[in-house]
Amino acid sequence: MAETHSTPPLCQCGCGERVLPKRKWKWRKYIPGHGPRMERHCKWRGGTTLTQQGYVDVYKPEHPRANKTGYIRRSWLVIEETTGHVVQPGEDVHHINEVVTDDRPENLSVLSHGEHRKLHNAKRREAGEALKIRQSGESNRWAKLTLVDVRTIRASRGVTQRELARKFGVSEGNIQKIVSGKLWREDLREQQGRATQDVTGGDGCPDTCCADAPLDKSCTKKL
């Protein structure tokens, strides 16, 4: 019987079965699961693949810790080959230079999952604090206000926050935070320190003490 356009073609793997079902406007080439695999597949990369997290996995289905597709983390294999230690389920392989594709033996160390998480959390906190200090005030490239604008806002009297927000192009919430000192804290601390210095004469001793009673034994400035 001659094959027609409606007759399913044979699977190209050579099994002799016909492909089903029809794929949109044309027939499939293979029955699901009969297509080329591994070295015969057009996307075969020698048994290595890059995960969404950036790690390199190697195809080794005989390994006891391989996933359901037969791949295992390459860094785990490097640790096993160099130290003989098999990475257990509660352990992680830490990359010292934080480049997860660099699986050189000198760049790898085995840590427990808790230790690994604490290490990276501490580094994130340090990086966040450094970024916060570096990008505060006018040094922040996204800052809409200058130091003069902030001091003008704090010195404004009889002007509503809505009017100030419209004038400087920011939200009322930011105006409220600037006035209360939640934003631009460095300038507020600098002003408070300058005011304290003016009152104490710059070294912790009130000017009135030294001016009115220069020989007062309670004053350490003149002694």
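Where a number appears in this text, it was derived from the coordinates with a stated rule and is not lab data. From a predicted model like this one, the values you see are computed outputs, not experimental measurements. Here the Cβ positions follow ideal geometry from the backbone for every residue, glycine too, while neighbour counts run over all protein chains shown.
You can think of it this way: the chain between Cys13 and His34 has 6.9 nm of extra reach, that is 0.36 nm per residue less the Cα-Cα gap.
Tally Lys/Arg at +1 and Asp/Glu at -1 over every other residue whose Cβ is under 15 Å from the Cβ of Ile72; what's the total?
On the way: positive: Lys60, Arg65, Lys68, Arg73, Arg74; negative: Asp57, Glu62, Glu80, Glu81, Glu91, Asp92, Asp103.
Value of the local net charge: -2.
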